[in-house]
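Undergrad: Here it is, the structure in full.
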Amino acid sequence: MSEKTLHYDKGIEFSPEGDLLQVQYAKEAVKRGAAVIGIRTENSVILFALKNMSSALAVPDSLEKIFQIDDNIVIAAAGLMADSRNLIDYAREIAAYNRATFDEEVDVAKLTKEMGSRMQSHTQYSGVRIFGASLLIAGIDKKKQPRLFAVDPSGSFLEYMAVSAGGGSGRVADVLESNFKKNMLTEEAVMFGLDVLIGTQKQEDRTSIIEVGIITSSGFRKLNSTELEEYIKKTVEKIKEEVGEK
Amino acid sequence: MKKEEGEEGILEAKGTTTVALVCKDGVVMATDTRATMGHFIASREAKKVYVIDKLKAMTIAGSVGDAQKIVRIMTAVLKKHRMENDGESMSIHACATMLANWLNNYHKGSYGNYFSVQIIIGGVDSKGTSIYGVDAAGGVMPDSKMISTGSGSLTALGVLESHFKENMTTEEAVDVAIKAIHTATKRDSASGNGINVVKITEKGIFEIPNSYVEKRVNEFVKEMK
């Protein structure tokens, strides 16, 4: 970085090159965090989150990365978890406000816009720090269709068929993009997501704890440890086979 | 502060009959066209049904000024909602709940004085056809089959109770609505002059031509003789 740009990474101001350096740093912070993946199928959205526990003595269930917002919406967060929690609280407030005002669930696209606006506001006003978090927002819309959005620290968002954040997301994103098939069944998609998530980990990290949540028009549920173990066992075997063949 | 006697009559045009009913493939709304200020007939062709969204309309009763402000706000808010939601209209349930919350805030006095209105919101949304009644305190009559408001509502409801059938065709419902308003205008001095009828189906919002309404009224009068 040139000396000239140095001044511009203190506050949230444009550098002469036209960059908002703080926003880029925040995106970098998200990349350093553990990976999350979202996959949309014909009737569901599945969210996956890696949990790297800082201590072997920590209780894994106390680290939550997939959060239910309302009956129809669930969010997976990547990046600084303390920042994520603040955003999750805000999302739940929006959902509650919508129920009180309209007696209806908030629409998933609408909530995504609200989250984008809140995250954007932290890139423009002084006295605030940019959220070091990306959100994968999954939900079922009013037409009972599954929807998946990703919001980054700048507050901009896109809709996806499959998306990842965190985990040095370059590699995860590449594998996800090159192996994604449309119209997977929910079960296939769970296998696929775990395959990507575990396959892109270093060998020694493959014991990391994983959280999987599935949302359909009949509601949201997280896979319990027995279901998850079975899926992970299958996935690890599959990966071993593939590696062996090569 | 309590209003002095007569003051209300000067400041607020009141006295109305409106009805709304749900039929097989739509909603029918009808109103009289008289606006009064006390004993004075302030207008013989007052408009009391307003289109507020693509497939939503609202009837108003009570203070005309209060009601028209609500119409303006609702129309603007619903348009904004459509722009923010990929062209998707707000559901009628959400629309009525929002208005009810809003009216209740004013009723409680935290924002100011209450809106002296009785409102029916009706139309077609993704869940089908429905009508909702909303009053000045924010009370909601959710998803009713028939509603009447205004000073002539008692008489109109009598007609609705005896003539309303489930799953009527739109044509039958228009007849019942005309009968209800016509009868109310015979017994309520604050209701009268013409009858406005609007039907809402999936195809859109249509005003029933005056000539047809007058023809049907004459036929009812003959039938009753």
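Undergrad: In chain B, what is the volume of the convex hull around the alpha carbon atoms, normalised per residue and reported in Å³?
TA: It comes to 116 Å³ per residue, whole-number rounded.
Undergrad: Considering every Cα-Cα pair within segment A:38-106, what fraction, in whole percent, is farther apart than 20 Å?
TA: Every Cα pair in segment A:38-106 considered, those over 20 Å come to 42 percent.
Undergrad: Taking the Cα atoms of segment B:67-185, what is the range of coordinates along each of the three principal axes, in descending order and whole Å?
TA: 40, 36, 20
Undergrad: Running Debye on the protein assembly as shown with equal point scatterers at the Cα sites and no solvent, what base-10 log of I(q)/I(0) appears at q = 0.06, 0.07 Å⁻¹?
TA: -0.41, -0.53
Undergrad: Could you pull the Cα extents of segment B:104-152 along its three principal axes, largest to smallest, in whole Å?
TA: 36, 29, 12
Undergrad: List, in the order given, every pair from A:Lys110/A:Lys182; B:Lys165/B:Lys199; B:Lys48/B:Lys186; B:Lys47/B:Lys215; A:Lys142/B:Lys203 whose Cα-Cα distance in the structure shown is over 23 Å.
TA: In this structure, A:Lys110/A:Lys182 exceed 23 Å between Cα atoms.
Undergrad: Using Cα positions and a limit of under 15 Å, work out the aspartates and glutamates in reach of B:Lys56, with same-chain residues fewer than 8 apart set aside.
TA: Excluding near neighbours in sequence, the set is B:Asp25, B:Glu88, B:Asp125, B:Asp143, B:Glu202, B:Glu207.
Undergrad: Please sort A:134-141, B:154-161, A:146-153, A:94-101 by packing, taking for each peptide the average over its residues of neighbouring beta carbons within 10 angstrom, highest first.
TA: A:134-141, A:146-153, B:154-161, A:94-101
Undergrad: When Cβ neighbours within 10 Å are restricted to other protein chains, what is their mean count per residue of peptide A:135-142?
TA: For peptide A:135-142, the averaged partner shielding equals 1.
Undergrad: Determine, for segment B:60-133, the count of lysine pairs separated by eight or more sequence positions (or lying on different chains) whose alpha-carbon distance falls under 23 Å.
TA: 5
Undergrad: A further question on this structure: When Lys and Arg each count +1 and Asp and Glu each count -1, what net charge do the other residues less than 12 Å away from B:Ile92, Cβ to Cβ, add up to?
TA: Charge balance in the 12 Å sphere: -2.
Undergrad: Inside 10 Å of the C-beta atoms of A:95-104, what's the mean count of C-beta atoms belonging to other chains?
TA: Counting other chains' Cβ atoms within 10 Å and averaging over A:95-104 gives 4.
Undergrad: Using a cut-off of 12 Å between beta-carbons, work out the net charge of the residues near B:Thr33 (Lys and Arg +1, Asp and Glu -1, B:Thr33 not included).
TA: Net charge around B:Thr33: +2.
Undergrad: Continuing with the same structure: Enumerate the amide H contacts of B:Phe115 below 5 Å, restricted to partners 5 or more residues apart or on another chain; note that Pro and chain-start residues carry no placed amide H.
TA: So B:Phe115 has HN proximity to B:His107.
Undergrad: If you don't mind, there's one more thing I want to ask. Based on the alpha-carbon gyration tensor of chain A, what equivalent-ellipsoid semi-axes (square roots of 5 times the eigenvalues) come out, in whole Å, largest first?
TA: The equivalent ellipsoid of chain A has semi-axes of 29, 24, 16 Å.
Undergrad: Listing A:Glu211, A:Glu230 from the residue with the fewest other Cβ atoms within 10 Å to the one with the most, what is the order?
TA: Result, fewest neighbours first: A:Glu230, A:Glu211.
Undergrad: Apply the membrane-span-like helix rule to chain A: whole DSSP H runs, Cα extent along the own long axis of at least 15 Å, mean Kyte-Doolittle hydropathy at least 1.0. List the helices found.
TA: Span-like helices, by this rule, are A:186-199.
Undergrad: Local charge sum around B:Asp188 (other residues, Cβ-Cβ under 10 Å, Lys/Arg +1, Asp/Glu -1)?
TA: +2
Undergrad: On to the next question. Output the DSSP H helices from chain B with an along-axis C-alpha extent of no less than 27 Å and a mean Kyte-Doolittle hydropathy no less than -1.0.
TA: B:64-84
Undergrad: Among A:Met119, A:Met53, A:Met184, which one shows the biggest mean-square fluctuation in a GNM of chain A, springs joining Cα atoms closer than 10 Å?
TA: Of A:Met119, A:Met53, A:Met184, the most mobile in the Gaussian network model is A:Met53.
Read the figures in this text as sums done on the coordinates, not as results from a lab. Small disclaimer: the values here were computed from a predicted structure and weren't measured. Glycine gets a Cβ as well: all are built from the backbone with ideal geometry, and neighbour counts include every protein chain shown.
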